[in-house]
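The values are calculated or read from the model by the stated rules, or taken from the named source; none is laboratory data. This one's a predicted model, so the numbers in the text were calculated from it and none came from an experiment. Here the Cβ positions follow ideal geometry from the backbone for every residue, glycine too, while neighbour counts run over all protein chains shown. Quick note on the areas: whole protein, heavy atoms, side chains included, nothing else; ligands and nucleic acids left out. Shrake-Rupley method; radii C 1.70, N 1.55, O 1.52, S 1.80 Å.
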Amino acid sequence: MQPTKARLLLVIAVLAAAIGWAVVTLIDAYADRTMPVPVTAPLIMGLLALVVALWARSTRARLRRQPGTTPMDPLLAARSAALAMAASRTGAIVLGFYAGAVLALVP
């Protein structure tokens with residue numbers, strides 16, 4: 001497994017923005033209303049981002065074997081890497097989709 005490149009995340013975000021823009025435009029054109037966005041959506045996404053950031057911070061300390069931390073089990077390290085990869089790609093998709101929705105609703 002290799003680290004996720006920023007270019008890949010940018011491409012995913014741009015594609016998701018195009019899809020978000022298209023979905024909002026189609027809903028606006030055919031349903032004669034704007035796409036409903038629940039108030040809790042950004043709150044939940046922010047909370048999930050905070051949890052992943054805290055997980056990454058503790059994982060980094062354990063991998064560097066800083067004083068006061070226990071060494072990380074190899075299976076837990078692999079699962080943490082998979083979580084990081086999934087979280088970065090999911091974050092790019094969500095950010096891109098909502099950015100496309102905002103771009104469609106600005107005019």
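Looking at Ala99, is it closer than 21 Å to Ala6 by Cα, open to solvent by less than 80 Å² (accessible area, probe 1.4 Å) and either more than 15 Å from the chain's Cα centre (by Cα) or of a type in the set (S, T, N, Q) (or both)? So Ala99 fails the test.
Residues of segment 22-48 that are closer than 23 Å to Ala92 by Cα and open to solvent by less than 60 Å² (accessible area, probe 1.4 Å): Ala22, Val23, Val24, Thr25, Ile27, Met35, Ala41, Gly46.
Within segment 5-21, track down each residue that is among the small types (Gly, Ala, Ser) and open to solvent by 70 Å² or more (accessible area, probe 1.4 Å).
Ala6
Can you tell me which residue in segment 67-95 is farthest from Thr4 (Cα to Cα), limited to those that are surrounded by 14 or more Cβ atoms within 10 Å (Cβ to Cβ) and over 23 Å from the mean Cα position of the chain (by Cα)? Taking the candidates together, the pick is Thr69.
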